[in-house]
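Chemist: My questions all concern the structure below.
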Amino acid sequence: MTSTNILDFPIAPNQEAVVPSEPLKTILHVDDDADIRTIIKMALETVGSFDVHQFASGQEAVDAVESVQPQLLLLDVMMPDMSGEDVWRKLTAKPETASLPAVFLTAKAEDSFSQELLQKGALAVITKPVDPMLLSSQIEDIWQQAKAT
């Protein structure tokens with residue numbers, strides 16, 4: 001694992017997502033890898049004191065989003081049945097979740113792919129592997145920057 005995590009690009013302006021003015025507390029995280037889910041949950045709950053709701057598949061997340069009522073989506077890009085981008089597309093198509101902001105996690109470090117997600121309105125794209133000790137502060141920084149725009 002690398003010693004630091006890289007936020008590939010600054011936050012893209014997003015006309016659609018709404019970042020509430022209150023502090024970030026509730027995050028919905030989707031990743032098909034159980035080990036990654038464990039690391040992310042520990043990093044965000046223990047280090048960052050966030051309330052993290054995790055799902056192993058995109059469909060589970062789509063089905064549960066209304067009961068979770070997250071402020072932020074943290075989505076793995078590549079998953080077997082439904083990609084993170086597909087999850088985001090499904091959620092933003094529903095009026096009640098249309099404005100949910102998203103941050104993507106990816107092992108794909110291609111600039112063009114990350115830029116494409118940002119142009120579509122993602123708040124940020126974070127490259128795996130993540131540094132568990134830095135992830136919560138990175139998420140908080142992303143949130144604060146998005147609130148400022």
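The numbers here are math on the coordinates, done by the rules we state, and not lab data. Keep in mind that this is a model prediction, so the values were computed, not measured. Cβ: placed from backbone, ideal geometry, glycine included. Neighbour counts: every protein chain shown.
Chemist: Given the Cα-Cα distance of Glu96 and Ala148 and 0.36 nm per residue of separation, how much length would full extension add, in nm?
Modeler: Details: separation 52, 0.36 × 52 = 18.72 nm, distance 2.36 nm.
Full-extension gain reported as 16.4 nm.
Chemist: Next question. Mind checking which of Ser83, Ile139, Ser21 is farthest towards the positive end of the chain's charge dipole, using Cβ charges of +1 (Lys, Arg) and -1 (Asp, Glu) about the Cα centre?
Modeler: Checking the options against the dipole of the chain, the answer is Ser21.
Chemist: To continue, here is another question. Quick one: work out the % antiparallel among DSSP beta bridges in the chain, nearest 5.
Modeler: 5 percent
Chemist: Tell me, what is the percent relative contact order of the chain, built from C-alpha pairs under 8 Å that lie six or more residues apart?
Modeler: Values: 267 pairs, mean separation 54.1, N = 149.
Here the relative contact order equals 36 percent.
Chemist: For the chain, modelled as a GNM with alpha-carbon contacts under 10 angstrom, which of Ala124, Ala93, Ala61 fluctuates the most?
Modeler: Ala93
Chemist: Going 7 Å from the Cα of Glu140 toward and past its Cβ, which residues in segment 51-73 have a backbone nitrogen under 14 Å from where you end up?
Modeler: Zone members listed by number: 51.
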